[in-house]
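Reading through the structure tokens given below for one structure.
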Amino acid sequence: MTREGYRIAAPGAVEVLERCGVEGPVARLTELAARTPGGLTVVIDSANGLLDAPLGAAGIPVLRADPPVPADGGATAEELAELGRTRAATLTALPSAGWTMSGREEEIAAADLASAPVERRLARCGRLVTGGFSTEPLVTLTFDDGPHPEYTPQVLDVLRRHDAPAAFFCIGLQALARPDVVRRIADAGQTLGSHTWSHAYLPDLGPAGLARQLGRTGEVLAEACGDDRPTRWLRPPYGGRSPELLRAVDALGLITVLWDVDAKDWSRPGPATIAERVLDQVRPGSVILMHDGGGDRSQTVAALPAVITGLRERGYRLVGLDEALAAAPAA
């Protein structure tokens, strides 16, 4: 990943694909795989959670490099390619239908658990929003992994028809490729948040890596909106956190937003199931996680009217992040 797009180190050549969505590098790698005897294996690191799923769906094997090699999420394409050539046995093979952090589930769960005391302190100070932010019948809708040129506008249309607020946590590389969609989110009066530059697992990063992931994303979102004020909201990819990360994010002036209701719409179980999952889990003060990017989100769009209507029929009022933060109990 670079400041302007994707860098591919393929046999005999290095290519840069600038200001394009994830479809660009996936298409190029698929083309290279078809032309390469024996195919290709792609090496990523935990600072890149964008490419593994679509590459797996295309039948291209993906290996993940974990710290301490490469360090701080700053590996170049050439360095990752060299790891694949010379140290493939030290890398983690990702299942084609799995997720970027496969094999690290216990480690991630332990870090999340250790973060609870810091989360409670930050919530009391108005520096973190998560499920249970209020005992009143208030809920917040959030969407991750966009902006997407097709599905984000469709989600915005549904929200407009239902006069519903929401927050959109954008991936920097996607926002760089689609500033017009970012502007549409802002012009609709919806909240923009950061979902990092390349869907990174943030606890793996040191100060420099964290600054790269968050700083550039904030710049791109502000540029797209013609605003010199970067977003103050962060949704860490995978909800990945540690006590050290939460403190570092707070020191950067960002408010962390987690969730307690997961629609798991990325699994595409059908619109009715997506809506049912949300309505079965919701409680006063819930933060609901859905997705407007990262794949085919037609089922999410189809489910959204039933989600909004169902919440209101149950007596819930949809609020934006500012109101959710104001509704949290004072320290």
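Among 256, 90, what's the order by accessible area (1.4 angstrom probe), most exposed first? Intermediate results must be reported in sequence, preceding the final value.
Working: 256 5, 90 85 Å².
Result, largest first: 90, 256.
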Express in Å², to the nearest 10, the accessible area of residue 40 obtained by rolling a 1.4 Å probe over the protein heavy atoms while all chains stay in place. 30
Run the dipole for segment 1-141 about the Cα centre, Lys and Arg Cβ at +1, Asp and Glu Cβ at -1, nothing else charged, and hand back the magnitude in debye, nearest 20. 160
What is the gain in length, in nm to one decimal, between residue 223 and residue 184 on full extension, counting 0.36 nm per residue of separation less the C-alpha to C-alpha distance? 12.7 nm
Considering the dipole of segment 19-168 built from charges on the beta carbon (Lys and Arg +1, Asp and Glu -1) around the Cα centre, which of 57, 37, 148 is farthest to its positive end? 148
Placing +1 at every Lys and Arg Cβ and -1 at every Asp and Glu Cβ, with all other atoms neutral, what dipole size does the chain have around its Cα centre, in debye to the nearest 20? 340
Treat each spin label as a single point 7 Å out from the Cα along the C-beta direction, and report the residue 296 to residue 121 distance in nm. 4.7
To the nearest 10 degrees, the tilt of helix 298-313 (Cα long axis) against the first principal axis of the alpha carbons of the chain is 20
Computed E for residue 262/residue 58 - FRET, C-beta separation, R0 30 angstrom, nearest 0.05: 0.70
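For the chain, what is the accessible area per residue in Å² when the probe is 1.4 Å? Walk me through the intermediate numbers first.
Numbers: 14000 Å² over 331 residues.
With the other protein chains kept in place, the chain gives 42 Å² per residue.
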Residues in segment 67-82 reached by a label modelled at residue 18 [backbone nitrogen below 13 Å; 7 Å Cα→Cβ]: none
With a 1.4 angstrom probe the carbon and sulfur portion of accessible area for segment 195-326, in percent, totals 50
Linear extension gain, residue 208 paired with residue 107, 0.36 nm per residue minus alpha-carbon span: 34.1 nm
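The values are calculated or read from the model by the stated rules, or taken from the named source; none is laboratory data. Just so we're clear, the structure is a prediction, and the values are computed from it rather than from any experiment. Don't worry about glycine lacking a Cβ; one is built from the backbone with ideal geometry, like all the others, and counts go over all protein chains shown. SASA here: full protein model, heavy atoms, side chains in, ligands and nucleic acids out. Shrake-Rupley method; radii C 1.70, N 1.55, O 1.52, S 1.80 Å.
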